[in-house]
1. Name the single residue that is modelled with the lowest pLDDT among those in the range 6-26 being among the basic types (K, R) and surrounded by 10 or more Cβ atoms within 10 Å (Cβ to Cβ).
2. I need the full set of residues from the range 82-128 which are among the β-branched types (V, I, T) and under 35 Å from the mean Cα position of the chain (by Cα), in order please.
3. Based on this model, can you work out whether D102 counts as assigned to a helix (DSSP H, G or I) and loosely packed, with under 10 Cβ neighbours inside 10 Å?
4. At pLDDT 85 or above and either outside the structural domain of C29 (by TED's automatic domain parsing) or part of a helix (DSSP H, G or I) (or both): does that describe A61?
5. Tell me, please, whether a residue that is of a type in the set (K, R), assigned to a helix (DSSP H, G or I) and either over 30 Å from F130 (Cβ atoms) or not assigned by TED's automatic domain parsing to the domain that holds Q131 (or both) can be found in the range 14-22.
6. Among the residues that make up the range 72-95, is at least one of them exposed (fewer than 10 other Cβ atoms within 10 Å of the Cβ) and not in a helix (DSSP H, G or I)?
7. Between a first residue in the range 87-113 that is at negative phi and a second residue that is among the acidic types (D, E), which pairs have beta carbons less than 9 Å apart while being 6 or more apart in sequence or on different chains?
8. Please verify whether D126 is free of Cβ contacts under 8 Å to residues at least 60 places away in the same chain and surrounded by 10 or more Cβ atoms within 10 Å (Cβ to Cβ), treating the condition exactly as stated.
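The values are calculated or read from the model by the stated rules, or taken from the named source; none is laboratory data. Quick caveat, the model's predicted, so the values are computed rather than measured. Note: ideal-geometry Cβ built from the backbone for every residue, glycine included; neighbour counts use all protein chains shown.
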Amino acid sequence: MVKGKEKFALWMEPDARALVDAHYRADNCVSRSEYIEKAIRFYTGYLNARDTGAYLPRVLADVLEGKLLLFGDRIGKTLFKLAVQDAVMANLLAADTDMDLDMLETLTGTCVKRIMRAHGALDFEDALKFQKGLI
């Protein structure tokens, strides 16, 4: 007899027995009893989690909402700073260039295509090579 366990009769339908027979070794169980015991514990845990579900998701949602709000604020501030720097650079460049609006429109279309091909990963070196005709 196995220490700490009790033997009792268990009635189940033949198709349920076939499922146990087909899967208990795949779950690294040494016996059908071990598989059935693990299944009972798993299902009981599932039911307990479902019963306490009214509390846990609310707490989890509150925590996630707070974290996401902080993250959103931080990203928003960073994007604002980047937009200001981009505007400064654009104005400095525009003040010192002899490009007309048609050339700007052509360049914009070219840049959109290049960025889409590079999945947004273009840097200054890529732009310099393009402007110098090296690409």
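1. Only one residue tops the list, namely R25.
2. V84, V88, T108, T110, V112, I115
3. yes
4. Here the answer is no, as A61 does not meet what is asked.
5. yes
6. Taking every residue of the range 72-95 in turn, none turns out to be exposed (fewer than 10 other Cβ atoms within 10 Å of the Cβ) and not in a helix (DSSP H, G or I).
7. Partner pairs satisfying both residue conditions: none exist.
8. The answer is yes for D126.
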